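What follows is a set of notes on a single structure, which appears directly below.
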Amino acid sequence: MAHSIRTCLWFRDGRGPEAAAFYCGLIPNSRVQRSFGADNGMGGFSVTDFSLGGVPYQILDAWPHFQLTEAVSISVETEDQAESDRLWDALTADGGQESTCGWLKDRFGLSWQVFPKRLIELTLHSDARVAGAAMAEMMKQKRIDLAPIEAAVAAVA
């Protein structure tokens, strides 16, 4: 039996379709697939199905029963520092908020983790000294910056 599986994100401010379009504009190989809505007498709602980098998501924009929290985030491993910086700048613009260790909230309240793949190579390195130095430096950061992480690793290698 075939299944269509998506992560559903609950928005509550009527900006779900706008958020999906924004996200699809940031991530290559992304698109809004369909959007529909209605007013069922309890208030209007909309559903937007979209994919980010080929991964399916859905935004249910409905009544204010639930709100987004850091308990759910979208994790983006980028090819390099420049791509991480581009996404970070776009996602924190217009009311987004930086957090720690590569986490942020965008202007819609959705949490993201944005980091270059080199970070994983360093923090999971087989040499515990390298991994420890990388992790310790990363823990000091908001936006992940590989230069000081690489310097910390070089100091112990």
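FYI, it's all coordinate maths here, none of it is from the lab. Please read all numbers here as calculations on a predicted model, not as lab measurements. Neighbour counts are summed over all protein chains in view; Cβ atoms, including those assigned to glycine, are modelled from backbone coordinates with ideal geometry.
Amide H neighbours of GLY37 under 5 Å, at least 5 residues apart or on other chains, H built in the peptide plane: list them. For GLY37, whose amide H was placed from the backbone, the distant partners under 5 Å are VAL47. Extension gain for the segment ALA147 to ARG6, taken as residue separation times 0.36 nm less the Cα-Cα distance, is 47.2 nm to one decimal.
Relative to the longest principal axis of the Cα atoms of the chain, the long axis of helix 128-138 makes an angle of roughly 50 degrees.
Along its principal axes, the chain has C-alpha extents of 64, 38, 24 angstrom, given from the largest down. In the chain, the DSSP beta bridges split such that about 65 percent are antiparallel, to the nearest 5.
How many nm separate the modelled label positions at SER126 and PHE66, each set 7 Å beyond the Cα in the direction of the Cβ? Label at SER126, label at PHE66, 4.3 nm between them.
Less than 5 angstrom separates the built amide H of GLY96 from those of ARG107, all sequence-distant by 5 or more or on a different chain.
Using a Förster distance of 41 angstrom, determine the FRET efficiency expected from the C-beta separation of ALA157 and ASP89, and round it to 0.05. Given R0 = 41 Å and the Cβ-Cβ separation, E is 0.85. Extents of segment 68-157, taken as max minus min of Cα coordinates on every principal axis and listed largest first, are 42, 25, 19 Å.
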